[in-house]
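The values are calculated or read from the model by the stated rules, or taken from the named source; none is laboratory data. All of these numbers come straight from a predicted model, not from anything done at the bench. Please note: Cβ atoms are built from the backbone with ideal geometry, for glycine as well, and neighbour counts cover all protein chains shown. Accessible surface is based on the protein model in full, side chains and every heavy atom, while ligands, DNA and RNA are left aside. Shrake-Rupley method; radii C 1.70, N 1.55, O 1.52, S 1.80 Å.
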Amino acid sequence: MAKARIFKPAKTAMQSGYGKTKNWILEFEPSSAKKPEHLMGWVTSDDMEGDQVRLFFPNQEAAENFAKNCGIDFFVHQRTERVIKPKSYADNFSPDRTDGNWTH
């Protein structure tokens, strides 16, 4: 039986926006190890599901319902949401600053 992971992707480190983080993804766990291909040295695998199949869903419930209806064993990986404390650039120079001493 195929085992899958349902998760919501985190934002990439290469951008400041939150594009491609709104959908939930169902991704299969690899069922076989990857090995180097002898002629070219590329990494290959016999596992089609684990390498190439990623299904996108608008919410977690839709992904779970799909997995249940298809008989896919799954687990949900919840990501921790980032807490952003709003502050201004001027707070760096405040006399009430408590983050440590200035070194300049």
Amide H neighbours of Trp24 under 5 Å, at least 5 residues apart or on other chains, H built in the peptide plane: list them. Phe57, Asn59
Phi angles of region 86-96, converted by Karplus (6.51 cos²θ - 1.76 cosθ + 1.60, θ = phi - 60°) into ³J(HN,Hα) in whole Hz with x for Gly and Pro, give x, 8, 10, 5, 5, 5, 5, 10, 6, x, 8
Pull up the DSSP beta bridges for the chain and report the antiparallel fraction as a percent, rounded to 5. 65
5 angstrom amide H check on Glu29, placed H, neighbours 5+ away: Lys3, Ala4, Arg5
Can you give me the Kirkwood hydrodynamic radius for the chain, using every pair of distinct Cα atoms, in Å to one decimal? 17.7
Which GluC sites (Glu not before Pro) does region 51-93 hold that lie in a coil by DSSP with at most 10 other beta carbons within 10 Å? Glu81
Go through region 33-47 residue by residue and turn each phi into a ³J(HN,Hα) via Karplus (6.51, -1.76, 1.60, θ = phi - 60°); whole Hz please, and just put x for glycine and proline. 6, 7, 9, x, 7, 5, 6, 9, x, 6, 7, 9, 8, 8, 9
Surface share of carbon and sulfur [accessible, 1.4 angstrom probe, percent] for the chain: 55
Expressed per residue, the solvent accessible area of region 1-86 in Å² (1.4 Å probe) is about 79
Please turn the phi angles of region 78-85 into ³J(HN,Hα) values with the Karplus equation 6.51 cos²θ - 1.76 cosθ + 1.60 (θ = phi - 60°), one per residue in order, whole Hz, x for glycine and proline. 8, 8, 8, 7, 7, 9, 9, 8
Enter the angle in degrees (range 0 to 90, nearest 10) between the Cα long axis of helix 60-70 and the first principal axis of the Cα atoms of the chain, meaning the one along which they spread out most. 10
